[in-house]
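The structure appears right after this line, and notes come after that.
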Amino acid sequence: MQSTQLQCYGSVMSPYVYVGLTDTMLHTLDEGVIYSHISRTFCDAMGFSLRSIVSKSRRQPLMFCRQMIVSVLRDYYKFTYTSIARYMCRDHTTILNRYAKHGLDYATNGVYCRQYDNILKQIL
């Protein structure tokens, strides 16, 4: 949640006085809530625990789940690579590679594509 004061052109003003300026900031979801919802949906659908997403395991089905989560967070919620990396306990370059791999797998792997689309329907 944002602090109760805003910095604007060097002066501090209360957001309760200028509601129109802060209305959208007060009603946006926290990144952590979004990440939790997306990762829980994919993990439940693919049969993984939330703990496995941040584990060091490199099993292919788990890697697919991770890259699907990364793709949704980047494409639909505009998370940065760094913020996704922070939630997934990875380096931002790893997230960048997972995002690129998602595009390749989505274009070439029919099973992966259908699975991603089916889970995405649950979220959107």
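The values are calculated or read from the model by the stated rules, or taken from the named source; none is laboratory data. Note that the structure is predicted; figures quoted are calculated from it, not measured. Here the Cβ is made from the backbone with ideal geometry for all residues, glycine too, and neighbour counts use every protein chain on show. Keep in mind that these areas ignore ligands, DNA and RNA; they rest on the heavy atoms of the full protein, side chains included. Shrake-Rupley method; radii C 1.70, N 1.55, O 1.52, S 1.80 Å.
General remarks:
- Subset of the range 82-102 [touching a residue at least 12 places away in the same chain (Cβ under 8 Å) and open to solvent by less than 50 Å² (accessible area, probe 1.4 Å)]: Ser83, Ile84, Met88, Ile95, Arg98, His102
- A single entry from Gln67, Gln60 fulfils the requirement of being under 16 Å from Tyr112 (Cβ atoms), out of contact with any strand residue (DSSP E or B) (no Cβ under 8 Å at 6 or more places or on another chain) and surrounded by fewer than 19 Cβ atoms within 10 Å (Cβ to Cβ): Gln60.
- For the range 31-49, the criterion of being more than 23 Å from Leu124 (Cβ to Cβ), open to solvent by 10 Å² or more (accessible area, probe 1.4 Å) and assigned to a helix (DSSP H, G or I) is met by no residue.
- Residue check for Ser52: free of Cβ contacts under 8 Å to residues at least 24 places away in the same chain and not in a helix (DSSP H, G or I): no
- Lone unmet requirement of (1) in a loop (DSSP other than H, G, I, E, B); (2) open to solvent by 60 Å² or more (accessible area, probe 1.4 Å); (3) among the polar types (S, T, N, Q) for Gln115: (1)
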